[in-house]
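A short write-up of the structure that comes next.
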Amino acid sequence: RFSLFTGSSMGASKHWFRGRSKSPVQADEESAAGQASKPSPACGFRDSHGHFQALWRPSPDKDAADNVPASTLEGSARSGSTPSASRPASPVCAPSVHRYRPAESGHVFVLHCDAAGLAADAILVPLLHEDTPSGTVKALSDDEIASRGLKGRRKIYEGSVSSRFYSTEEEAIAGSMATVHAYIAKAGAALQGRPSAFRRAKPLMALPMPGVGLMDISNLVDDLADVVEPLLAVLYEAAAEYRVDIALCTVDEGAFRVAQMLRPRCCPWEGGPFGFLGPDLLRQVAALQEKASIGRLGVLFGAGVSVPSGLPSWDGLLRELAVRAGFSVEEQEALSSLGLLDQSTLIEERMGGRVEFKAAVADCVRHGRFTPAHAILGALKLPAVTTNYDSLYERAVASTGDGGTRVGDNGEESRASEGAELLRRLGSDKCSPPDCGDGRGGVLRASGNNACVMRLPWDAARVRESQDSVRRLLKIHGCVSDPKSIVLTREDYMRYGDNRHALRGLLHQTFLEREVLVVGFSMNDDNVHLIIDQVRKALQTTSTNGGFKMGTVLTLAENSMFRQLWERDFRVVSCGVSQAEHARRKSDGVYDPSPEWTHDIFLDALASGLTVERAGCSFILNDSYASLLEEPQRKIKAALSPLQELMRDDDLRNCPALKRIQQLLEELGASGMGCEDMY
């Protein structure tokens with residue numbers, strides 16, 4: 001498992017469209033050969049022993065740089081001298097074959113979600129009408145964005161990324177890739193060097209994966225690898241050139257798995273997609289993946305996950321509520337000096353009562369869009385707990401469904417037809433998507449188990465009847481779909497145990513039975529403190545729990561006092577150095593990645609490794625992935641072909657043994673046997 005993240009890259013895809021022998025990465029490297037590059041400060045970090053570990057540093061002499069240790073790179077960065085080629089190689093990762101440093105380049109996310117609902121600075125949506133020529137993109141006007149239900153602080157580009165306007169596979173692949181190139185050129189240039197409108201460390205570009213699912217409703221593309229491999233190579237080039245993050249999104253789970261498997265092969269960095277995280281963080285990723293793979297990991301996430309969604313922070317929420325309540329500027333300044341719970345209490349009184357206040361809270365947090373972190377957490381498929389009121393996690397998961405149930409503000413449900421959902425995915429202006437900022441806070445819950453989130457306590461009855469694979473989300477502080485459930489004032493916290501003691505019990509059980517990965521959570525919530533203390537006291541009654549850890553807290557900047565406070569009960573993993581160390585690196589000219597950026601990539605590494613591990617042989621019988629099969633897998637596929645024919649025999653439909661065979665074939669990627677397709 002560890003090798004998934006630290007093994008060297010196999011290089012970019014060798015087939016760029018059909019018949020092309022060199023990838024864009026290789027072509028650019030050859031065209032850049034002989035051009036002198038200027039030395040720059042080492043890019044790296046300090047490990048747990050205080051030693052500087054360089055990720056890599058551009059050098060005029062690549063062969064010499066390949067054998068430069070981290071310590072030498074650090075010294076040469078300060079003195080301006082060229083390191084000796086006789087030194088041993090860096091233990092972190094060899095210098096990249098690419099001309100950009102991984103940490104300064106953007107990251108390429110592979111997400112299992114609908115790109116249209118993502119909190120991204122630029123999004124490519126499929127062409128609805130044929131008024132935009134193939135291979136080009138058109139920036140939508142504000143009126144066009146509003147008419148298609150895509151309001152938000154972002155740029156929307158429309159292009160023929162879907163196969164519906166092509167007649168052959170070759171045309172579909174060439175046209176889709178030309179559209180992607182045009183989108184990257186326009187959006188990348190528009191975003192380069194500019195701050196993200198969603199408070200991200202780098203601007204985020206998003207696009208749907210061509211050639212699969214709703215991007216290939218004409219079923220023209222036979223082998224997805226013909227699209228994904230060159231596409232990933234292009235995206236890594238763009239992330240490096242424009243210094244932006246890019247999210248490649250698909251609602252098809254099989255395509256998501258295959259893209260995760262191909263990503264290390266297409267990544268130009270010798271350390272792979274996640275090598276820059278360094279050995280310490282990668283060890284933590286591997287440990288968490290091992291726990292998750294045996295069903296012993298859960299997730300607790302807080303408001304930090306929703307910060308890049310466009311929703312207000314806690315302070316921002318209270319400021320907005322204070323304005324709505326009619327507080328003067330002087331009163332707002334005095335109010336801000338109080339604690340959050342006391343501020344909430346006074347705002348509730350000024351608004352006229354509990355009902356009005358909580359309705360206003362729900363209205364303030366229902367307009368955001370889900371973030372890459374929401375989509376990643378959903379892809380983990382782990383039992384989850386949140387203190388958030390918003391429905392962004394649910395929307396991210398539900399966006400992968402083909403048709404669904406819309407849960408509105410009042411909790412009433414109405415069916416959404418597959419046809420309406422398909423039009424929504426294609427960007428139709430005839431259907432306003434509930435999960436793309438229509439202002440109603442609706443949640444699309446697909447009828448299929450793969451795209452369904454059971455929210456506790458509201459869906460308790462459905463949880464009992466559901467399969468174990470259905471994702472469960474415990475919302476301990478309420479939900480926007482039920483405003484009266486929201487917990488925010490001091491009175492809400494003090495009376496929490498009166499009618500929600502059972503929810504505390506569920507969290508007690510989670511901490512006792514599983515390790516919990518805590519993300520986007522500052523660990524300053526009194527209710528969670530009480531639950532942790534109760535678990536701690538229960539463990540102290542036995543003498544067999546020495547060294548017991550409740551889980552892992554993923555923090556941003558290193559804080560020695562926070563670590564000292566919580567390391568007895570949790571492993572504390574920091575995504576960034578302390579503020580003092582950050583200042584020292586800045587003065588030394590050493591590039592220091594944003595901890596928020598590292599945080600999301602840490603989660604992406606966990607989801608990627610877990611997805612690849614779960615994928616196993618799940619695509620052997622899926623013809624769309626035939627080129628990925630190795631010889632043993634091809635033999636297995638050939639041996640199972642008669643069983644697939646057997647499934648079509650009507651005389652055997654009621655045979656009990658056939659159901660077991662059907663289950664096996666589905667697990668290996670078969671579909672179209674008169675049963676619900678797993679992928």
Once you place label points 7 Å from the Cα toward the Cβ at Ser671 and Glu144, how far apart are they in nm? 3.1
Per-residue accessible area, 1.4 Å probe, largest first, puts Lys155, Lys549, Lys537 in the order Lys537, Lys155, Lys549
What does the accessible area of Thr136 come to, in Å² to the nearest 10, when a probe of 1.4 Å is used? 50
Quick check: convex hull over the Cα atoms of the range 252-298, volume per residue in Å³, rounded to an integer? 96
With +1 assigned to the C-beta of every Lys and Arg and -1 to the C-beta of every Asp and Glu, and no other charges, what is the dipole magnitude of the range 581-670 about the Cα centre in debye, to the nearest 20? 180
Taking a 1.4 Å probe, which of Asp342, Asp143, Asp459 shows the most accessible area, and what order do the others take after it? Asp143, Asp342, Asp459
Between Asp526 and Asp651, how high is the FRET efficiency from 1/(1 + (r/R0)^6) when r is the Cβ-Cβ distance and R₀ = 45 Å? Nearest 0.05. 0.10
Plugging the Cβ-Cβ distance of Arg283 and Ala538 into 1/(1 + (r/R0)^6) at R0 = 30 Å yields, to the nearest 0.05, a FRET efficiency of 0.50
Might you tell me the accessible area per residue for the range 229-294, computed with a 1.4 Å probe and given in Å²? 22
Let me understand the range 523-620 better: what is its radius of gyration from the alpha carbons, and its Dmax, in angstrom? 18.2, 53
Considering only the other residues whose Cβ falls under 12 Å of the Cβ of Val299, what net charge follows from Lys and Arg at +1 and Asp and Glu at -1? +4
Given charges of +1 on the Cβ of Lys and Arg and -1 on the Cβ of Asp and Glu, with all other atoms neutral, how large is the dipole of the range 240-320 about its Cα centre, in debye to the nearest 20? 240
Extension length gain for Lys549 and Val463 (0.36 nm per residue less Cα distance), in nm, is 28.1 nm
Not counting ligands, DNA or RNA, and with a 1.4 Å probe, what is Ser560's accessible surface area in Å² rounded to the nearest 10? 70
Got a sec to turn the phi values of the range 381-394 into Karplus ³J(HN,Hα) couplings, 6.51 cos²θ - 1.76 cosθ + 1.60 with θ = phi - 60°, whole Hz, x for Gly and Pro? 6, 10, x, 10, 10, 9, 9, 7, 8, 5, 10, 5, 4, 4
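At a Förster distance of 56 Å, what's the computed FRET efficiency of Leu512 paired with Gln192, Cβ-Cβ distance as r, to 0.05?
Numbers: r = 49 Å, r/R0 = 0.88.
Using R0 = 56 Å, I get an efficiency of 0.70.
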Projected area of the range 544-679, taken from the Cα convex hull and averaged over every viewing direction, in nm²? 15.1
If I ignore ligands, DNA and RNA and count only protein heavy atoms, how much of Met205 is accessible to a 1.4 Å probe, in Å² to the nearest 10? 0
Between Glu333 and Ala174, 0.36 nm times their residue separation minus their Cα-Cα distance comes to what? 51.4 nm
Would you rank Leu346, Leu235, Leu214 by solvent-accessible area, highest first, keeping every protein chain in place and using a 1.4 Å probe? Leu346, Leu214, Leu235
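The values are calculated or read from the model by the stated rules, or taken from the named source; none is laboratory data. Treat the numbers as computed from the prediction; the structure is a model and nothing was measured. Counting neighbours? That spans all protein chains shown, and the Cβs are built from the backbone with ideal geometry, glycine included. Protein only, heavy atoms only, side chains kept; ligands, DNA and RNA dropped before computing areas. Shrake-Rupley method; radii C 1.70, N 1.55, O 1.52, S 1.80 Å.
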